[in-house]
Each structure stands twice: as structure tokens, then as C-alpha cells.
1. Could you please tell me which pairs satisfy a Cβ distance under 6 Å, a separation of 6+ or placement on different chains, a first residue in region 83-107 that is aromatic (Phe, Trp, Tyr), and a second residue that is part of a loop (DSSP other than H, G, I, E, B) and surrounded by 21 or more Cβ atoms within 10 Å (Cβ to Cβ)?
2. Could you check region 110-122 and list, in sequence order, the residues that are in contact (Cβ under 8 Å) with a residue 12 or more places away in the chain and either touching a Leu at 6+ places or on another chain (Cβ under 8 Å) or exposed (fewer than 14 other Cβ atoms within 10 Å of the Cβ) (or both)?
3. Return the total of residues in region 119-142 being assigned to a helix (DSSP H, G or I) and closer than 17 Å to THR26 by Cβ.
4. Go through (1) aromatic (Phe, Trp, Tyr); (2) over 19 Å from LEU25 (Cα atoms); (3) in a helix (DSSP H, G or I) for PHE101 and report which single condition fails.
5. Give ILE86, ILE47, ILE93 a once-over and let me know the one that is in a helix (DSSP H, G or I) and within 16 Å of ALA16 (Cα to Cα).
6. Of the residues LEU69, LEU65, which is surrounded by fewer than 21 Cβ atoms within 10 Å (Cβ to Cβ), under 22 Å from VAL15 (Cβ atoms) and in contact with a Ser or Thr (Cβ under 6 Å, 6 or more places away or on another chain)?
7. Just checking, does region 97-108 include any residue being under 13 Å from ILE47 (Cβ atoms), at pLDDT below 95, under 16 Å from the mean Cα position of the chain (by Cα) and of a type in the set (A, V, I, L, M)?
8. Condition first: under 20 Å from ASP71 (Cβ atoms) and in contact (Cβ under 8 Å) with a residue 24 or more places away in the chain. Now tell me which residues in region 128-141 satisfy that.
Amino acid sequence: MAKKRILTASTIPLVAVMTAITTVLTFAVRIPSAPTRGYFNLSDAMIYFSSLAFGPWIGGVIGGLGPALSDLISGYPQWAAFTFVIDGGQAVIMGLIVKKFKPSYLAIGSVVSAVWKVLGYVVAGSFLSGWGPALTEVPGNCVQAVFGLVVGLALFTAIRKAYPPLVRIGNLGYEVSVPEDSKQ
């Protein structure tokens with residue numbers, strides 16, 4: 001028997017609900033940062049949680065769409081496309097690196113995905129506001145990434161403990177056996 005990952009009909013509402021939660025949490029806590037007109041928010045917590053709980057691709061969709069929608073509805077439409085790529089990429093990177101829930105994978109995934117996010121926003125900020133203002137955002141983006149990791153990891157750990165089937169979703173072990181003769 002071959003092992004194959006499958007998406008079920010329940011994946012669509014899961015993505016919709018998690019995207020809505022991510023949008024609201026990103027929108028609800030907005031601390032503006034003057035130089036590039038960006039803002040500190042809770043998106044990273046949901047990005048890390050989603051990538052750990054649901055894997056790189058579902059986490060990437062949730063992590064990209066939620067914050068991008070928040071940008072659109074909160075008066076930052078110029079950031080939405082950048083946010084979709086940067087934050088979605090952050091979730092994909094984290095989900096691809098964390099194949100097993102081990103400290104070494106978490107550390108590497110956290111650093112690489114945070115560097116992606118910080119560099120991504122430096123480049124995006126340079127297009128929108130120039131290099132000087134974009135570089136001044138680096139410390140805030142670093143703090144947001146670390147804070148988001150702590151909150152997202154705590155949330156994942158708590159939900160994983162309270163609801164063990166969560167581990168079977170995404171890339172932390174969910175695989176379905178498919179008989180060879182049913183493959184097309």
C-alpha cells in the first residue's frame with residue numbers, strides 16, 4: 001500500500017474559518033509604525049500556529065490570506081500583495097522545515113521563516129517608502145516574529161494536548177493509506 005496525503009471536503013471550511021480568525025486577530029491589534037506606515041499585529045502567531053497544525057500549504061494559504069485581507073480592510077491596500085507573498089511564504093517555510101515536532105526543527109524553521117519575513121518586509125518597504133524607512137522597521141518585525149512564535153507555539157501546544165487528533169492534520173503525521181489498485 002502506498003501512503004498518500006489527501007484533502008477532504010472539511011479542508012475548505014477549515015481554511016475559511018482559520019483565515020477569518022487570522023484576519024480578525026491581525027486587524028484587532030494594530031500598533032502603527034510610522035516610517036513605512038506598517039503596523040505591529042498578531043498575524044505571526046496565527047501564521048506559526050497554522051503552519052504547525054495544518055502543514056505548509058494549508059498554513060501558507062491561511063497565513064497569506066488572513067493578513068492580506070486585514071491590510072485590505074484596514075486601510076493598507078498597498079501592502080496586501082506583499083503581505084500575501086511574505087506571510088504566506090513564512091508559513092510555507094515553517095511548515096516545510098518542521099517535519100517533526102522537535103526542538104531542532106522548530107528552531108531552524110523559526111529562524112529561517114523569520115528571516116524570510118523580515119527581509120521580505122525590508123524589500124517591500126523599500127518599494128513603498130524607500131530603504132531608510134524600511135530598514136527602521138527591522139527591529140519591530142523581529143520582535144513581532146519572536147512574539148508570534150511564542151504565542152503560536154503555545155497555542156499549538158495547548159490545542160495539540162487538548163485535541164490530539166490535531167497532530168494528524170498537516171505535515172506532522174497525517175497520512176492515509178490508499179490501496180495500490182485505487183490509484184489512477
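The values are calculated or read from the model by the stated rules, or taken from the named source; none is laboratory data. This is a predicted model, so every value here is computed, not measured. Counting neighbours? That spans all protein chains shown, and the Cβs are built from the backbone with ideal geometry, glycine included.
1. TYR105/VAL98
2. Filtering region 110-122 down to residues in contact (Cβ under 8 Å) with a residue 12 or more places away in the chain leaves 110, 112-114, 116-118, 120-122.
Residues satisfying the conditions are SER110, ALA114, VAL122.
3. 5
4. (3)
5. Sole residue among the options that is in a helix (DSSP H, G or I) and within 16 Å of ALA16 (Cα to Cα): ILE47.
6. Working: LEU65 fails: surrounded by fewer than 21 Cβ atoms within 10 Å (Cβ to Cβ).
Just one listed residue meets the conditions, LEU69.
7. Checked against the condition, which is being under 13 Å from ILE47 (Cβ atoms), at pLDDT below 95, under 16 Å from the mean Cα position of the chain (by Cα) and of a type in the set (A, V, I, L, M), region 97-108 yields at least one hit.
8. If the condition is that a residue be under 20 Å from ASP71 (Cβ atoms) and in contact (Cβ under 8 Å) with a residue 24 or more places away in the chain, then LEU128, SER129, PRO133, ALA134, THR136, GLU137, GLY140, ASN141 are the ones that fit.
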